[in-house]
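Data block below; observations after.
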Amino acid sequence: MATTTTEDADPSSSSYSPSKAITAIRDARPPATDRFTYLTIVESNLSPEVLPTLNEVLQDAGLTQEIGWDLVFNLVNLPGSSSCLETIARLGNPREVILKVLETLELLGEEEGYEADDEAETQQEKKEGEVTKTEKFITLMGMLAILHGRIKTKYPSRFLAQTLQTVLGAYEAGSEEMTAGVVNLVHSLSGKRARPPLPSRKSSVNVVNLDLEGDRGKNAPDPEADDHEGTGKEGEGGRIEDPDETELQQKLLLSFATCVLERYANGNDLAWAGRLVEFYEPERIVPGRKTLMGAFREDEGLLAKDEIVGKLVALIGDLGLRSCSKTFLKHVCEGPLHDNPLAGSEDFESASQVKLSTGGAVCLVAYWVFSSTIFDADHPQPEMNIFPDHYAVLDKFLQDDAHTQIQQSPGTVEALITIGLWLHENNFTSANPNTPLTNPTTSPEDPTSDFMRYIHLVTLIALFHPKLHVRNAASTLAGQVLHSDPSDDDRLKVLYDLLENCTFASLKARAIAWLREELITASTAKLRQPTVFSTTQALETVQYVVFPSLDFLVEDTNLEEVIEYLVGNAPFLMQAVNLGLFLWSSPEKWKSVLPANMDATVRQRWFEPLLEAIERVQKESKNEGAELGPVEAELAVLKGRLEDLAGKEGFTGGKGI
């Protein structure tokens, strides 16, 4: 028998000889050595060059059942080892091998995060003898698909639950290949064949599925099979099937698929809400600027994201969730928030104990309405309204810590905005469309009314979401819902509440824009009777919060505090100036809504101290040689707008500054 020294056996040693290693692996097979010694010899001689020989050796099912499980971790980190790992999955003891695969997956989840598969970078990694995290994950998915098909036990759901939890822990949504590997796994475990890629797509992400039906004849039987347990009938692949157990497994897979959908939506910018806004309001698209819809039609990477989501939704449909039933919508809107539905699932005894991911269900509904609109796809449409249904699910997600939830689950939150946009566009605002949207159980002055809180929650998304197009979409939705309330008193109360109590300048600015929209609508509508927005009542109510007294800016306030106020409130101040220009550029047009002497009071308490404060900052910073950076440009623009306002005859009688 040929032997090698420890130094010779080390692939990193300069004296390492692949030919000697191959000879050692071939000649030391039991009974030449015992299995423990042989395992040591194999592990010490592992290198890409010996893998074909090792795979030949592993065709001995008896030997592979004894040592295969112990080779998984070392092999998965070795380039070119997929054939050996497939052999171990087919011939090794499935219960021992699956435990090792799951252990390896757990360790994989602790590795550095996924990096985009840049082709040059990936090739460089391979040249350096490394296997990417994505490649390891996909290989392990293929092994799990084979192993679960081989285990013959009364309660396969216990193995399945542990597998699904571990896979979810190692899965990274930034990788289309990982996601495709997960889809293949679920198709194999459910007995549903994966659908072919859509031929119309320019980009197609495909990952080879090791568990092809034609290859199952290569699998060795389970040496620990529970052949005489249970009352179910023996099914395909030698499994003992029990109706309740089968239902439990299918529900576990469905729950897992909804978790993956939510993870994918949160890990990728899918631009559902932004694209819906472009579709519904094409007049808002700036000519010459590339649109989100155009980007997703032309960019292969973005096409791949749409394709992956389509596969996930199709998978969920294959697992039985094809309709938007009342039971499903009740789970989404009224049920508790399930953010980790697979926790403890190894102890579940019936399918009724398995819940779907609430966020995943929200993403599913969002994709249904999005793709039905943008792609004209045949998907179910939810029978729900903004009030009370959409408000209920929005409140459920954001009631505890809205800022954290929006930051940690941006895809789920965008899905909520997507659903809201679709509901509004299709006039599903209220279950009682002719009544005010204010909560009938509370006083109209109560700021906790459903209508007031709904606007508040959506505007929080407009403030905190990391993606600009989602912030814009949320702002659009908040304005649409505000304007849709048939009670003009309600609408005015919401605007006043935002302007009086909101601490965020950008949202106060948005409230001023909504106020202007209300004034325009009231001026152009053929009204049977006056409303608060067609008379002076609206501006009388809000003028002191739109144009608050700024005397404090010129009353012994130090320069740093003045700059801090001007910078922190710049969006609000700019929008207030714009409203002034809007009103006093055409005072005759708006005389029916302008309170008497409003121009004079605004000049005195707001305009003059604001302009003086800006001029002070500019003068003192120049004298001190201080650089204000971007602040200087912002203040210059704001001052320019104030000077434009001063030139309007309706505001100053044409006297200027």
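The values are calculated or read from the model by the stated rules, or taken from the named source; none is laboratory data. It should be emphasised that the depicted structure is a prediction, and the values quoted were computed from it without experimental measurement. In this analysis, Cβ positions are derived from the backbone assuming ideal geometry, glycine residues included, and neighbour counts consider all displayed protein chains. For the accessible areas, the whole protein counts, side chains as well, though only heavy atoms, and no ligand, DNA or RNA atoms are used. Shrake-Rupley method; radii C 1.70, N 1.55, O 1.52, S 1.80 Å.
Data table
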{"quantity": "Accessible area per residue, Å², the chain with all protein chains present, probe 1.4 Å", "calculated": "46 Å²"}
{"quantity": "Förster radius 35 Å - calculated FRET efficiency between Gln353 and Phe279 (Cβ-Cβ, nearest 0.05)", "calculated": "0.30"}
{"quantity": "Kirkwood Rh in Å, taken over the chain so that all alpha-carbon pairs contribute", "calculated": "29.3 Å"}
{"quantity": "Normalised contact order of region 486-535, rounded percent, pairs of Cα under 8 Å and 6 or more residues apart", "calculated": "39 percent"}
{"quantity": "Shape of region 463-614, Cα gyration tensor, a/c cut at 1.5", "calculated": "oblate"}
{"quantity": "Cleavage-rule hits (trypsin sites (Lys or Arg not before Pro)) in region 555-646: DSSP loop, at most 14 neighbouring Cβ within 10 angstrom", "calculated": "Lys589, Lys591"}
{"quantity": "Helix-derived mean residue ellipticity, 222 nm - over the chain, DSSP H n ≥ 4, -39500 (n - 2.57), to 500", "calculated": "-18500 deg cm²/dmol"}
{"quantity": "Charge dipole (debye, nearest 20) of the chain; +1 at Cβ of Lys and Arg, -1 at Cβ of Asp and Glu", "calculated": "2080 debye"}
{"quantity": "Relative contact order of the chain, pairs being alpha-carbon contacts under 8 Å that are 6 or more residues apart, as %", "calculated": "8 percent"}
{"quantity": "Length-normalised contact order of region 292-371 in % [C-alpha pairs under 8 Å, at least 6 apart]", "calculated": "22 percent"}
{"quantity": "Cα gyration tensor shape for region 317-413, rounded if a/c is under 1.5, else prolate or oblate", "calculated": "oblate"}
{"quantity": "Crossing angle, helix 537-546 versus the chain [Cα axis fit, 0-90 degrees, rounded to tens]", "calculated": "70 degrees"}
{"quantity": "Cα gyration tensor category, rounded, prolate or oblate, for region 242-299 with a/c compared to 1.5", "calculated": "prolate"}
{"quantity": "Heavy-atom SASA rank of Tyr391, Tyr544 (probe 1.4 Å, accessible area, largest first)", "calculated": "Tyr544, Tyr391"}
{"quantity": "Heavy atoms of Met141 accessible to a 1.4 Å probe, total area in Å² rounded to 10", "calculated": "10 Å²"}
{"quantity": "Accessible surface of His331 - all protein chains present, 1.4 Å probe, nearest 10 Å²", "calculated": "40 Å²"}
{"quantity": "Between helix 133-150 and the chain: long-axis angle, C-alpha atoms, 0 to 90°, nearest 10", "calculated": "60 degrees"}
{"quantity": "Listed peptides 292-298, 98-104 by packing density, highest first (mean Cβ within 10 Å)", "calculated": "98-104, 292-298"}
{"quantity": "With every protein chain in place, region 515-657: carbon and sulfur % of accessible area (1.4 Å)", "calculated": "47 percent"}
{"quantity": "Cβ-Cβ FRET estimate between Ser549 and Leu468, R0 fixed at 35 Å, reported to 0.05", "calculated": "0.55"}
{"quantity": "Heavy atoms of Ser506 accessible to a 1.4 Å probe, total area in Å² rounded to 10", "calculated": "60 Å²"}
{"quantity": "Label-point separation, Val286 to Ala636 (7 Å along Cα→Cβ), nm", "calculated": "2.0 nm"}
{"quantity": "Region 524-578: GluC sites (Glu not before Pro) in DSSP loop, at most 14 other beta carbons within 10 Å", "calculated": "Glu555"}
{"quantity": "Helix 488-501 axis, angle to the chain major axis (alpha carbon atoms, nearest 10°)", "calculated": "80 degrees"}
{"quantity": "Förster-model FRET efficiency, 22 Å R0, Ser325 and Ser372, C-beta, rounded to 0.05", "calculated": "0.85"}
